[in-house]
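The values are calculated or read from the model by the stated rules, or taken from the named source; none is laboratory data. None of the values given here were measured: they were computed from a predicted structure. With ideal geometry, Cβ positions are generated from the backbone for all residues, glycine too; neighbour counts draw on all protein chains shown.
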Amino acid sequence: MARADMDSPEPLYWESSYAIVLSLIEHHPGADLDALGLGQLHTWIVALPGFADDPGWVHDDLLTAILRDWYEEVIDLHDRQ
């Protein structure tokens, strides 16, 4: 595998919400999830390296689920430390 391929992130699609959450944790580690609105969340997701889906193919329920999963993952990471 070429070095450039190893540095390229895996493509992110709306259906891979867990991978999106992990990328959000990496790129926005200090985010205030209680104050984060769905519009800002959408902006952050489509700006993630490797995001390859159509930004318009999302709905509020999916964004809310991603936000909830992000919150739960952050709690789990904190509990493990």
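Data overview
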quantity: Residues that are within 23 Å of LEU77 (Cβ to Cβ) and either among the β-branched types (Val, Ile, Thr) or loosely packed, with under 15 Cβ neighbours inside 10 Å (or both), drawn from the stretch 42-54; calculated: ILE45, ALA47, PRO49, GLY50
quantity: All positions within the stretch 16-40 that are among the hydrophobic types (A, V, I, L, M, F, W, C) and not in a helix (DSSP H, G or I); calculated: ALA31, LEU33, ALA35, LEU36
quantity: Residue match in the stretch 58-75 (condition: touching a Ser or Thr at 6+ places or on another chain (Cβ under 6 Å), at pLDDT 95 or above, assigned to a loop (DSSP other than H, G, I, E, B) and not acidic (Asp, Glu)); calculated: no
quantity: Pair list, Cβ < 7 Å and 6+ apart or interchain, from the stretch 42-53 residues that are within 12 Å of PRO11 (Cα to Cα) to residues that are in a loop (DSSP other than H, G, I, E, B) and of a type outside the set (Ser, Thr, Tyr); calculated: PRO49/PRO9; GLY50/PRO9; GLY50/GLU10; GLY50/PRO11; ALA52/PRO11; ASP53/TRP14
quantity: Subset of the stretch 41-57 [outside any helix (DSSP H, G or I) and of a type outside the set (A, V, I, L, M)]; calculated: PRO49, GLY50, PHE51, ASP53, ASP54
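To keep it simple, each residue is scored yes or no on (1) more than 11 Å from the chain's Cα centre (by Cα); (2) at positive phi; (3) surrounded by 11 or more Cβ atoms within 10 Å (Cβ to Cβ).
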position: PRO11; (1), (2), (3): yes, no, yes
position: HIS28; (1), (2), (3): no, no, yes
position: GLN40; (1), (2), (3): yes, no, yes
position: GLY56; (1), (2), (3): yes, no, no
position: THR64; (1), (2), (3): yes, no, yes
position: LEU67; (1), (2), (3): no, no, yes
position: TRP70; (1), (2), (3): no, no, yes
position: HIS78; (1), (2), (3): yes, no, no
